[in-house]
1. Would you kindly derive the ³J(HN,Hα) couplings of region A:81-93 from the backbone phi angles with the Karplus curve 6.51 cos²θ - 1.76 cosθ + 1.60 (θ = phi - 60°), listing them in order in whole Hz, with x for Gly and Pro?
2. Determine the calculated [θ] at 222 nm for chain A from helices alone, applying -39500 (n - 2.57) to every DSSP H run no shorter than 4 residues and normalising by the residue count; nearest 500 deg cm²/dmol.
3. Non-local amide H neighbours of A:Thr108 (under 5 Å, H modeled in plane, Pro and chain starts lacking H): which ones?
4. I'd like the orientation of helix A:15-41 relative to chain A: the angle between its Cα long axis and the longest Cα principal axis, in ° from 0 to 90, rounded to 10.
5. For B:Gln232 and B:Gln18, calculate 0.36 nm times their separation in residues minus their Cα-Cα distance, and state this gained length in nm to one decimal.
6. From the phi of every residue in region A:113-129, what ³J(HN,Hα) in whole Hz does the Karplus formula 6.51 cos²θ - 1.76 cosθ + 1.60 yield, where θ is phi - 60° and glycine or proline is x?
7. May I ask you to evaluate 6.51 cos²θ - 1.76 cosθ + 1.60, the Karplus curve with θ = phi - 60°, for each residue of region B:76-92 and list the ³J(HN,Hα) values in order in whole Hz, giving x for glycine and proline?
8. Taking the highest mean first, how do the peptides A:25-31, B:161-167 order by number of other beta carbon atoms within 10 angstrom per residue?
Amino acid sequence: MTAAKPRGMRRERTPFEWALLLVSLAAALTLAVGLAISAFTGASGPADLEVDIAMAEAPASGGRPLEITVTNIGGTSAENVVVEVTVGDVAREVTLALVAKGDEESATVIVPTSATATPHAEVLSYSDP
Amino acid sequence: MRGVAGGVILGVPLLYTQETWLHGRSIAPVVILAGVIATFGVNVALSYFVGFRPGRTHRPVEDAVVGMGISIVLSAMLLILLHRIGSGTLPENALGVTALTTIPVSIGFAVGAALAPSQGGEASEGFEGWRGDLLIAAGGALVFALNIAPTAEPVVLAAELDGVHLSLLVVASLVLPYLMVFYAEFGGRDQRIASDGATQGPITETLLAYGVAFAVSAAMLAMFGRVDTMNQAALARVVTLAFPASIGAALGRMLI
């Protein structure tokens, strides 16, 4: 017959342990309640992607850098977002791994300096996570 | 501190995983919440049988609450440090990434007391002196760095971290291992504090161990072609990888 493992001593909590417990309770409740609120009141529906295009501030070699910003105002995140940028006859594609709901992601494409027409960008495809 | 050490050891590899950042923002909050609740149940059981306090506890639920709570705070701090969440992050996304990272951190917290043998590992007598300390630190750093160096994460993180975040990362790479090795009340702590010699004071040993972790990180990044010249970008990558490597170095030193 084996003896039971020794159990820890039951003793009063120190002020530090009380403080730790209260901070921990607050953190755990904040996370749980926050996730619950997000689950039941957050935006719903499919991803809704808006694309903005602008001249990138950072210099680039080999052409004109254009910064693409994709904003997801829908209720679902979008994965593998393929964006096509056209400047006159020149076309470029860029893929963003994920644009979370309520978030925005940016990428830069380089077009030839000779492509001076007004740039245009549109989302070609995306998948649901 | 023992729980924090356990949480950091198990949580850092997941923290350096892009999929965690992505899925934390894309998985439905209700699914993440279910995962957190299930993890809390596991933590109650682990706190009863293992726990972060020495000996078994009479308050496993309370210990699990403390473990989860501190893990949430720790995860959020590390995510802010690595610039994965910030003022521009949607609260829902910040909560999702933090909750996902909290899961392994809290498990590490709950098994903190079991992560290092109480009397040091077997054959730990063979690692006496500062050479032994640094050798085992290099071994621990190598294990952690080798797991992360071939991935894209050090490059992605380094590109997005500014000077302030990188400086804070260096501070964290020194302070956390220092607290883990000399304050976490793991077995052999008294011998580690009492070690004498010019290189074996707690602060000197911590600095030397970070130097070892830094060198190992640079070597690993060079081996995988992530660093081929010494410039600002390369330095940022090494500093980024040296954080988990220094945690590995601390774990190695805790084992002897």
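Computed from the coordinates by the stated procedures, all read-outs in this text should not be read as laboratory data. None of these values were measured; they are calculated from a predicted model. Backbone-built Cβ (ideal geometry, glycine too); neighbour counts: all protein chains shown.
1. Values per residue, Gly and Pro as x: 7, 9, 10, 9, 10, 10, 10, x, 8, 8, 10, 9, 10 Hz.
2. Computed mean residue ellipticity for chain A: -7500 deg cm²/dmol.
3. When sequence neighbours closer than 5 places are left aside, the close amide H contacts are A:Ile68.
4. The angle comes out near 40 degrees.
5. That works out to 74.8 nm of additional length.
6. Once θ is set to phi - 60°, the couplings for region A:113-129 become 4, 6, 7, 10, 5, 5, x, 9, 10, 8, 7, 7, 7, 7, 10, 6, x Hz.
7. Result, ordered by residue: 4, 5, 5, 5, 5, 4, 8, 6, 8, 10, x, 5, x, 7, 4, x, 4 Hz.
8. Packing order, densest peptide first, comes out as A:25-31, B:161-167.
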